[in-house]
Amino acid sequence: MKLLGGINNKGISSLGNGDLISDEKLTALVVDSDIICQVLEKAILESQGIQTQVVGSGRDAIDLLASGVNFSLILIAMVLPIMNGVETTRQIRAMGIRSKMLGVTACSYDRERQAFLDAGVDEFIEKPLTPQKLASVLREIRNA
């Protein structure tokens, strides 16, 4: 990786002061049926420079991902119509999708947290989502 001027083979360039910036645009999919959460989560992600798409159900997420669209990050709510977040996560992982996935819910019971993790989310975050709660995840994705 080059640290001074120029772009390396991962599309990352330096600002000349040691700070790295990525030329690759990160993308996120928000899967949440609550319109207020959709707006908030999209705004937070976009404020971090992440192109964001929103769907309101697990079925819509599965259909979108099956069409071949790829995302750097998938935020998925526990409570969804048609298919809950745990089942949606299982199906996404069964499709071979390896995007970073965050389970997001207002329920913080150990049972729900474990069910989400067992289904395949990488991390579990309690609502409300904040830039601070996302910071380490975004750093990890950007440095991958």
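Extending each Cα 7 Å along its Cβ direction at ARG111 and ALA94, get the distance between those two points in nm, one decimal.
2.3 nm
Please report the relative contact order for segment 24-142, taking Cα pairs under 8 Å with a sequence separation of at least 6, and give it as a percent rounded to a whole number.
Details: 196 pairs, mean separation 28.1, N = 119.
After rounding, I find 24 percent.
Compute the distance from the alpha-carbon center of segment 116-143 to that of segment 56-82, in whole Å.
Here the two parts' Cα centres lie 16 Å apart.
In whole Hz, what ³J(HN,Hα) sequence does segment 115-120 give by Karplus (6.51, -1.76, 1.60; θ = phi - 60°), x for Gly and Pro?
Once θ is set to phi - 60°, the couplings for segment 115-120 become 4, 5, 5, 5, 6, x Hz.
Within 10 Å of each residue's Cβ, count the other Cβ atoms and sort THR88, THR105, THR27 from fewest upward.
Details: THR88 27, THR105 20, THR27 17.
Ordered by Cβ neighbours within 10 Å, fewest first: THR27, THR105, THR88.
Exposure proxy check: VAL39, VAL54 ranked by fewest other beta carbons within 10 Å? Walk me through the numbers on the way to the answer.
Working: VAL39 13, VAL54 19.
The fewest-first ordering by Cβ neighbours comes to VAL39, VAL54.
For GLY120, what residues show an amide H to amide H distance below 5 Å, using hydrogens built from the backbone and excluding near sequence neighbours?
none
Modelling each spin label as a point 7 Å along the Cα-to-Cβ direction, I'd like the LYS25/VAL69 distance in nm, to one decimal.
With each label placed 7 Å out from Cα toward Cβ, I get 1.3 nm.
Would you work out if segment 24-142 is rounded, prolate or oblate? Take a ≥ b ≥ c from the square roots of the eigenvalues of the alpha-carbon gyration tensor; rounded if a/c is under 1.5, else prolate when a/b is larger than b/c, oblate otherwise.
Working: a/c = 1.31, a/b = 1.10, b/c = 1.19.
Since a/c stays below 1.5, the shape of segment 24-142 is classed as rounded.
Amide H of SER57: which non-local residues (sequence gap of 5 or more, or other chain) have their own amide H closer than 5 Å, using H built in the peptide plane?
Amide H neighbours of SER57: ASP32.
Please order ILE97, ILE35, ILE76, ILE82 by the number of other Cβ within 10 Å, starting at the fewest. List each step's numbers first, then the result.
Details: ILE97 17, ILE35 10, ILE76 27, ILE82 13.
If I rank by nearby Cβ atoms, fewest first, I get ILE35, ILE82, ILE97, ILE76.
Values in this text are rule-based calculations from the coordinates and carry no lab data. Given the structure is predicted, the values throughout are model-derived calculations rather than measurements. Please note: Cβ atoms are built from the backbone with ideal geometry, for glycine as well, and neighbour counts cover all protein chains shown.
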